[in-house]
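K.L.:
Before I ask anything, here is the structure I am working with.
Rule-based calculations on the coordinates, nothing more; no lab input. On a predicted model such as this, the values are computed, not experimentally measured, just so you know. Glycine also receives a Cβ, built like all others from the backbone with ideal geometry; neighbour counts cover every protein chain displayed.
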Amino acid sequence: MLEVQNLSMRFGGLLAVDGVSLDVQEREIVSIIGPNGAGKTTVFNCMSGFYKPSGGKILFEGKEVQGTPDYKISRLGMVRTFQHVRLFTKMSVAENLLVAQHRHLNTNMLAGLLGTPNYKKREQKALDRAAYWLERVGLLDLANREAGNLAYGQQRRLEIARCMVTEPKLLMLDEPAAGLNPAETKELNQLIVSLKEDYNVSVVLIEHDMSLVMDISDRINVINQGRPLASGTPEEIRQNDDVIKAYLGEA
Amino acid sequence: MAANNLRHALFCAVVTLIISIPILGLNLEAEGINIILTGAKTSTYIAIVLAAIAVFVFQAYRDSIMGLLGKLPNLNPLADKEPMEQSKRAKLESWILTGIIVLALFWPFVVSRGSVDLATLVLIYVMLALGLNVVVGLAGLLDLGYVAFYAVGAYTFALLSQYTGISFWMALPIGALLAGLTGMTLGFPVLRLRGDYLAIVTLGFGEIIRILLNNWTTLTGGPNGIGGIPEPTLFGMEFGRRVKEEGNTSFHETFGIAYSGEHKVIFLYLIALVLAVITALIIRRFMRMPVGRAWEALREDEIAARSLGLSRTAVKLSAFTIGAFFAGFAGTVFASKQGFISPESFVFLESAIILAIVVLGGMGSQLGVILAAIAVTILPELAREFSEYRMLIFGAAMVLMMVWRPQGLLPMRRIHITLNKQE
Ligand SMILES: Nc1ncnc2c1ncn2[C@@H]1O[C@H](COP(=O)(O)OP(=O)(O)OP(=O)(O)O)[C@@H](O)[C@H]1O
Ligand SMILES: [Mg+2]
């Protein structure tokens, strides 16, 4: 459903991403790994429309989407989380999820002002969807808390829930396990697998936690200094000499 | 560290001297056709030196003084009380609001004409501040030229009444819509700017509109302004002693009561009250709608908002347009109240006052904004002897506010959302 072909992104003299290709099928978890500064987040930024790539193509469901404005990308069904959690910190947990459903609620303003039955029905649906996902990530009791006051792990989960209420087809997670303790990482592991199995979402995952990556990925892409280094199943990656060299050379 | 402090303090004291000696210490006096420069009284010079010393001492011991100031909230008896529960506070706030409105409905009949007139002005500021609150408080767009839209509303009514003889009730929606349209047109190119840049560009727009009104003499009458703006009518009843427009009747004759100039003032007040309440209700509604949440979301984290499908331009533009719309509303009422308008009513100071109301009231909080509008408009009237120092008091109040309650009198509270557990 997603195909990235020969993507490159140049910042001035720095070629941050150079010829990266990627493909993701329906209900698949594909990971991108690589050392710090390899260009992983930059790939996400291109895919989610924050950057216009300097070269290459991004096809989503057969349509070219490179250079499409960011807010339109998410409406196509591709949403992302951020390496550093980005919540609407002063708004409540529930409101965070309602903001994400803006598109579902987008009746005209007059209907909202008058509170027409149709508007109320949609609003209720949005609330129900928010409640459902909060329950799913274990935050329902905190619905009226300020999002910025949640513990770090809870913020991470809220960010994922906020993506899920938009009913995406493809979810892009940028280091979702960073800063989580082992128990939370395990929960996250189960959550991501369930997103794929129960909600038919494809996932692109950037992660440094190798055990998590090896455990849940269907396929893995390794990039190093912006260039693709290897790709394959977790088994193949584990035994790839280049990858071992790149990682051991780092350590 | 200490030496650094002293040097800084000395510098500030010298700046004080440099600024105040020419401004306060030298006077221009006309002698015949010549203008001569004379020194001021010795007491003035002493005052200037004392002020410089005060600045020096304050700057030298700034950290400890500010530290003390910071501790002051402990004197506040409410400081260590638990914040009120959300739902409780919501209830209390709606009770207070209802109370204010009921009180506001009856009191013009017992107080003097001047007070009612002043209260009408307060209500106009309430409308303006509620509108600007959408732009600054909710959407986080620092608009320093808000008065431009107020002017558009007022001039729309003034010009239309002059050239087409339109009535207040027709002009009200037209003025608001035109102001909103202006907001949209101006907003479109500038809203991609951020923070300070946006503030400066909007400041410029505010001035452009005022200068345009000042110089387009053939249409607007320039600095002479436009007069003879009609008052509102009540179902075709006029409030003047004599009926000006054909087909209208006069209020006092219809009801068979003696003519009194007060009827008109009270009527205008009531209209302003109703419009202010409508403004508050509509904006309150917006805040609970997707568009209101989008304003806040974009203010909180623009990148996250965009990643969730919010279009930056559309969301900001909607806030800007709606804010301008209510400024136009207020402008029409203002034109009708004054009966005469000129560009002088729409100077930057007005923008600054409205902004101060929003900041003092607590960005995003409606009750806070209403209370601040009352305070900012009425206090200077009460303290007339100090009117020269109005701006000084204003500035001091803002500084103290930023130290004590940077979130404003009543910070915005979140709406409590009840979610039912899903199966
Ligand atoms: N907007 C930008 N302007 C200039 N250089 C950038 C920009 N964004 C990223 N870079 C550079 O591109 C390179 C890749 O950065 P990127 O954030 O994609 O790495 P990453 O693989 O996500 O690393 P990490 O694992 O630390 O998150 C880095 O050298 C970074 O400094
Ligand atoms: Mg990164």
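K.L.:
Round to the nearest 10 and give me the degree value, 0 to 90, for the angle of helix A:117-136's Cα axis relative to the longest principal axis of chain A.
P.N.:
50 degrees
K.L.:
Continuing with the same structure: Taking only the C-alpha atoms, wrap a convex hull around the protein assembly as shown and report its volume per residue in Å³ as a whole number.
P.N.:
Enclosed volume per residue, from the Cα hull, is 249 Å³.
K.L.:
Kindly rank A:135-141, B:268-274 from highest to lowest mean number of other beta carbons found within 10 Å of each residue.
P.N.:
B:268-274, A:135-141
K.L.:
Let's see if you can work this out: charge +1 on each Lys and Arg Cβ, -1 on each Asp and Glu Cβ, no other charges. What is the dipole magnitude of chain B about its Cα centre, in debye to the nearest 20?
P.N.:
The calculation lands at about 1040 debye.
K.L.:
So, one more: With helices defined as uninterrupted DSSP H runs, which ones in chain B have an alpha carbon span along their own long axis of at least 18 Å and mean Kyte-Doolittle hydropathy of at least -1.0?
P.N.:
Both cut-offs are met by B:2-20, B:42-60, B:86-106, B:113-132, B:147-164, B:168-190, B:195-215, B:261-287, B:312-338, B:348-361, B:366-382, B:390-404.
K.L.:
Within 14 Å, Cβ to Cβ, of residue B:361, how many net charges do the neighbouring residues add up to if Lys/Arg are +1 and Asp/Glu are -1?
P.N.:
+1
K.L.:
Determine the shielding of peptide A:159-168 by partner chains: average, over its residues, the number of Cβ atoms on other chains within 10 angstrom of each Cβ.
P.N.:
Average per residue, whole number: 1.
K.L.:
Let me ask something else about it. Kindly state, to the nearest 0.05, the FRET efficiency for residue B:8 paired with residue B:375, given R0 = 41 Å and r defined as their beta-carbon distance.
P.N.:
With a Förster radius of 41 Å, E is 0.75.
K.L.:
Right, next: Take each of the peptides B:50-63, B:153-166, B:291-304, average the number of other beta-carbon atoms within 10 Å over its residues, and list them starting from the highest.
P.N.:
With the highest mean Cβ count within 10 Å placed first, the list reads B:291-304, B:153-166, B:50-63.
K.L.:
Still on this structure: Inside 10 Å of the C-beta atoms of B:279-291, what's the mean count of C-beta atoms belonging to other chains? It would help to have the intermediate numbers written out before the result.
P.N.:
On the way: counts 0, 0, 1, 1, 0, 0, 5, 3, 0, 4, 9, 15, 6.
That average works out to 3.
K.L.:
Something else about it: Which Rg and Dmax, in Å, describe the Cα atoms of chain B?
P.N.:
Expressed in Å, the Cα Rg and Dmax of chain B come to 24.9, 92.
K.L.:
Tally Lys/Arg at +1 and Asp/Glu at -1 over every other residue whose Cβ is under 9 Å from the Cβ of residue A:60; what's the total?
P.N.:
With Lys, Arg at +1 and Asp, Glu at -1, the neighbours total -1.
K.L.:
To continue, here is another question. Quick one: helix A:241-250 against the long Cα principal axis of chain A, what's the angle to the nearest 10°, folded into 0 to 90?
P.N.:
Long axis of A:241-250 versus the principal axis of chain A: about 80 degrees.
K.L.:
Next question, about the same structure. Just A:47, A:91, A:210 to compare: in a GNM of chain A, with alpha carbon springs under 10 Å, which one fluctuates most?
P.N.:
A:210
K.L.:
Cα axis of helix A:182-199 to longest principal axis of chain A: angle in degrees, 0 to 90, nearest 10?
P.N.:
Around 70 degrees separate the two axes.
K.L.:
Please report the net charge: other residues with Cβ closer than 12 Å to the Cβ of residue A:122, K and R +1, D and E -1. Before the final figure, lay out each step's value.
P.N.:
Details: positive: A:103, A:120, A:121, A:125, A:129; negative: A:123, A:128.
Charge balance near residue A:122 sits at +3.
K.L.:
With N set to the residue count of the range A:88-167, report its C-alpha Rg divided by 2.2 N^0.38 Å to two decimal places.
P.N.:
Relative to the 2.2 N^0.38 Å estimate, the range A:88-167 comes out at 1.11.
K.L.:
Give me P(r) over the range A:1-113, computed from all C-alpha to C-alpha distances, binned every 5 Å, as integer percentages.
P.N.:
For the range A:1-113, the binned pair fractions read 2, 10, 18, 20, 18, 13, 10, 6, 2, 1, 0 percent.
K.L.:
How do B:37-49, B:353-365, A:4-16, B:111-123 rank on mean C-beta neighbours within 10 Å, highest first?
P.N.:
Most protected by this proxy first, the peptides run B:353-365, B:111-123, A:4-16, B:37-49.
K.L.:
Quote the Stokes-Einstein diffusion coefficient, in whole µm² s⁻¹, for chain A, based on the Kirkwood radius over alpha carbon pairs, a temperature of 25 °C and a viscosity of 0.890 mPa s.
P.N.:
Reported coefficient: 129 µm²/s.
K.L.:
Hey, got the average number of other protein chain Cβ atoms within 10 angstrom for residues in A:66-72?
P.N.:
Numbers: counts 0, 0, 0, 4, 9, 11, 3.
Rounded to a whole number, the mean comes out at 4.
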